[in-house]
């Protein structure tokens, strides 16, 4: 089974995936990456909205 590493770099912090993850194939890795990206975007948008709603 292929082993994948998902490192995340942005302006605020870096997250290096040291252990990696076993996934069935490239499609499974792509799907996990897209779900993770959507979750990170959602968290970012929520933080932005909360910051703007505080007077």
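Pairs of Cα atoms under 8 Å, at least six residues apart: use those to get the relative contact order of the chain, whole percent. It would help to have the intermediate numbers written out before the result.
Details: 35 pairs, mean separation 15.5, N = 55.
After rounding, I find 28 percent.
Calculated [222 nm] ellipticity per residue, helices only, for the chain: -18500 deg cm²/dmol; basis is -39500 (n - 2.57) per DSSP H run with n ≥ 4, divided by all residues, nearest 500.
Which whole-number percent of Cα pairs in the chain have a distance greater than 13 Å? In whole percent, the long-distance tail amounts to 69. Using the Cβ-Cβ distance between residue 30 and residue 51 with R0 = 25 Å, the FRET efficiency computed as 1/(1 + (r/R0)^6) comes to roughly 0.20. In degrees from 0 to 90, rounded to the nearest 10, what is the angle of the helix 26-53 Cα long axis to the longest principal axis of the chain? That helix lies at roughly 10 degrees to the long axis.
Readers should treat all values here as calculations from the given coordinates under stated rules, not as data from a laboratory. Note that the structure is predicted; figures quoted are calculated from it, not measured. Virtual Cβ from ideal backbone geometry, glycine too; neighbours counted across all protein chains shown.
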